[in-house]
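Peer 1: Following this message is one structure expressed as structure tokens.
What follows is calculated from the coordinates using simple rules that are stated; it is not laboratory data. Since this is a predicted model, take the numbers as computed values, not measurements.
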């Protein structure tokens, strides 16, 4: 009787292995052809970012050195609250301390435009009224599936990290 059970168990085991492999192959192929599923499962998939990726409010910490003229720099620290509309427009308020001197306004408004590339790099321009450095050009990287923005201000040694506000 044991001789009759062994071939049946082997046949069932082979069938189960075949079905599992088949389902695994189909599942893998489906996730590669289904863009939504692929983006969720693979955060390094190309084409995963757009202007919509950073829609909402972000709290930034700003830190660096402003280059006044060759050899003359001042420390620069601040915070900003920026709103991205998901269509390439943004507004913000910031409180920036230059060389230990607080700003004339507690919260200085600004507005501008931004572009997020499919590889999650991007750039933007911010206009700040009555600021001699305006417009401010910047480049950034979108990280953590749109929950974090790491940026640098062109022409200065100033960086900022923004976290999505919940």
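Peer 1: What's the Kirkwood radius of segment 59-150 in Å, using all Cα pairs?
Peer 2: 14.2 Å is the Kirkwood radius here.
Peer 1: Relative to the present Cα-Cα distance, how much length would full extension add between residue 69 and residue 105 at 0.36 nm per residue of separation?
Peer 2: Working it through step by step, the gained length comes to 10.5 nm.
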